[in-house]
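Below is one structure, written out as structure tokens, with a few remarks after it.
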Amino acid sequence: PNRIKELLNPDVLKFIQKNNLYSQGSFQNLKWALIGRGKVGTALINNLKQKEQLPLYIVDPLIKQNRLQYTIPQYESIATLPKNKYSPDIIVFATPDNLDLTSQLQLLTRKHSNLPFLVHTGGMKSSQQRFPNWPIEKSSLLHPLKSISSSKTNLFESFWGISTLNSTNKIFRNFIELLEGQTVEIPEGKEALYHCCCSLAANGTAINLAKTEDLFHKHLDFPQNKSESTIMQLGESALSNLKNAGIIKGITGPIARQDWQTIEQHLEALKKYSPETIQIYLNMLLSFSNLLNVDLPESIKDLFH
């Protein structure tokens, strides 16, 4: 509007025009819809509500049992969507990766006069596998690199995995901007490896913490509440070290010091109290020795045979 142009500093106006910050289709005007919900879909709604960017509609087969309180049109299936009533720029599929969407996609083309961009929040399949027969330039993986334990998870400023083929697409980038996030590109055909990495980082940590908490409680007689609190404190401080110092410099304890005598005593204690945990500890030693480029003593190497 002319009045805005009169009020704005000319340099600011040039910046706005250069970066299309108020153009139609920018993230301020992005229209989106949601198919499927679960924790990821509901977390998206809860986060974007803070920016007054609720979806145009939601499709969820379980909507009758778990209807959202927000004033959003909610449908049980794509078949029940009114024809040509909505024109979303992008539709987010927060549905399981193993769900066949072929028939759903055919229905979508009949419900919308425009052909919307599609993204799926699962991390295991390429957009071509997930959205067969949909234009490849209008579909992408869009997976949050965050452990989403509940619908209240904060998604702002997160990293998101996006298909390399569509990493520069304006609509997809705008959706990430809306969440104030950053992207990492996932090469086509390597989605399963990418998802495996996410699981190793998140679930591997949980497994080690759970096993340690079990040792605290069963063999050191820590009360249940204290063993849980202690293990959370250890985990949080370890992650804080890694974040602040980096992976290599953030490693502490006898492994970082190459204190083999203490490590052998650890193994003796495990042999006595929890033999089933020895293999976990040895795997950790081997991983750290490779990471730090440290040669293990023969007395410890022999334990791997």
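Laid out as a table, the results:
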item	result
Packing-based order for 163-171, 136-144, using average beta carbon neighbours within 10 Å, highest first	136-144, 163-171
Residues whose placed amide H lies under 5 Å from that of I186, excluding near-sequence neighbours	I162, S163, T164
The chain - percent relative contact order, Cα under 8 Å, separation 6 or more	12 percent
Per-peptide average of other Cβ atoms within 10 Å, ordering 111-121, 237-247 highest first	111-121, 237-247
Helical contribution to [θ] at 222 nm, DSSP H n ≥ 4, -39,500 (n - 2.57), averaged over the chain, rounded to 500	-14000 deg cm²/dmol
Computed FRET value (nearest 0.05) for K249 with E188, which takes r as the C-beta separation and R₀ as 22 Å	0.05
The chain: antiparallel DSSP beta bridges as a percent of all, rounded to 5	15 percent
Order of E213, E298 - criterion: other Cβ atoms within 10 Å of each residue's Cβ, fewest first	E298, E213
Inter-site label distance for K125 and D302 at 7 Å from Cα along Cβ, in nm	5.3 nm
Segment Q233-N133, extension gain: residue separation times 0.36 nm, minus the distance between their alpha carbons	31.1 nm
Sorted largest first, extent of the chain alpha carbons per principal axis (Å)	75, 51, 39
Amide H partners (placed H, <5 Å) of S139, local residues excluded	L118
For D60, D89, order by how many other beta-carbon atoms lie within 10 Å, fewest first	D89, D60
Positive dipole terminus of the chain, leading residue within T168, C198, L296 (C-beta point charges)	T168
Fewest-first ranking of L270, L44, using other Cβ atoms within 10 Å as the exposure measure	L270, L44
Label-reachable residues, region 95-125, where backbone N falls under 17 Å from a point 7 Å from A202's Cα toward its Cβ	95-98, 120-125
Choice from K49, K271, K31 with maximal GNM fluctuation in the chain (Cα, 10 Å cutoff)	K271
Amide H within-cut-off set for S77, under 5 Å, with H built and near neighbours excluded	D60
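All of the numbers you see were taken from the coordinates with simple rules; none came from a lab. All values derive from a computational prediction rather than experimental measurement. Note: ideal-geometry Cβ built from the backbone for every residue, glycine included; neighbour counts use all protein chains shown.
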